[in-house]
Amino acid sequence: TVTDLVDLFESEADRDRPSEETPDVGIVMGSDSDLDVMMGTEDEKGAYDALTDLGFAEVTDYDDAPVGYSFETWVVSAHRTPDLMYAYAETAADRGLDVIIAGAGGKSADLPNMTASLAYPIPVVGVPVQEKSVDSVIGMPTGAPITAVDAGKSYNAGLSAVQMLATDDDELARRLRDLHADQSAGVADVSRELHE
Ligand code: RP5
């Protein structure tokens, strides 16, 4: 139930787990109908893929969390479970999260914006799940910042989140450069094939 999850986040915030055992990045989305965009599909990679491409492991059980770079994934609806959104965002820092990627869409894309406000100063990368929600995800008042990617481009949200972590982490900066080099090589290969 929502109460169980609120209790889980609050009790995790009170625990003093070593930082290598807490998730670095949180992926949240407003509905399970956002799963394809946020987690990726065969046709388009998502934030989940960006993080796993960079060697992050998914935390599915806080008591049996992988050691090292990791992330967690939750469905949190701003409108159907506002208490859960508050608990998630307000406990994020104490639970060890450094960046949150938040996706929502349709006519009710408030989750990224409210999470950015509640979790401040933890940076939030917002993902509009449908094109028509772009304004509501990127539109924030002065003093309440959000970073956002293009509609549906949650893979880039994953990369942005890790770029934020990499500002003081040489290992993550190296992984980002390696991934970039792989992508560049892929483009060069396509170019070469066109001329064979
Ligand atoms: C938003 O409303 C969700 O993030 C989703 O993108 C959209 C539609 O949600 P469902 O009606 O599919 O649950 O809050």
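The values are calculated or read from the model by the stated rules, or taken from the named source; none is laboratory data. Just so we're clear, the structure is a prediction, and the values are computed from it rather than from any experiment. Please note: Cβ atoms are built from the backbone with ideal geometry, for glycine as well, and neighbour counts cover all protein chains shown.
For the reader, a short list of remarks on this structure follows.
- Residue pairs whose Cβ atoms lie under 6 Å apart, sitting 6 or more positions apart in sequence or on different chains, and linking a residue in the range 58-86 that is closer than 18 Å to Gly40 by Cβ to a partner that is within 16 Å of the ligand (Cβ to nearest atom) and charged (D, E, K, R), are Val75/Asp32.
- Scan the range 161-196 for residues that are without any contact (Cβ under 8 Å) to a residue 60 or more places away in the chain and assigned to a helix (DSSP H, G or I) and the total you get is 23.
- Filtered by the rule that a residue be within 16 Å of the ligand (Cβ to nearest atom), at pLDDT below 95 and out of contact with any Asp or Glu (no Cβ under 6 Å at 6 or more places or on another chain), the range 64-80 gives Ser77, His79, Arg80.
- Qualifying residues in the range 126-156 (those that are more than 14 Å from the ligand (Cβ to nearest atom) and in a helix (DSSP H, G or I)) - the one modelled with the lowest pLDDT: Asp135
- Boolean, Val125 is within 11 Å of the chain's Cα centre (by Cα), of a type in the set (Val, Ile, Thr) and closer than 21 Å to Ser33 by Cβ: yes
- Ala102 satisfies every condition listed in (1) surrounded by 20 or more Cβ atoms within 10 Å (Cβ to Cβ); (2) within 20 Å of Leu159 (Cα to Cα); (3) away from the ligand (no atom under 13 Å from the Cβ) except (3).
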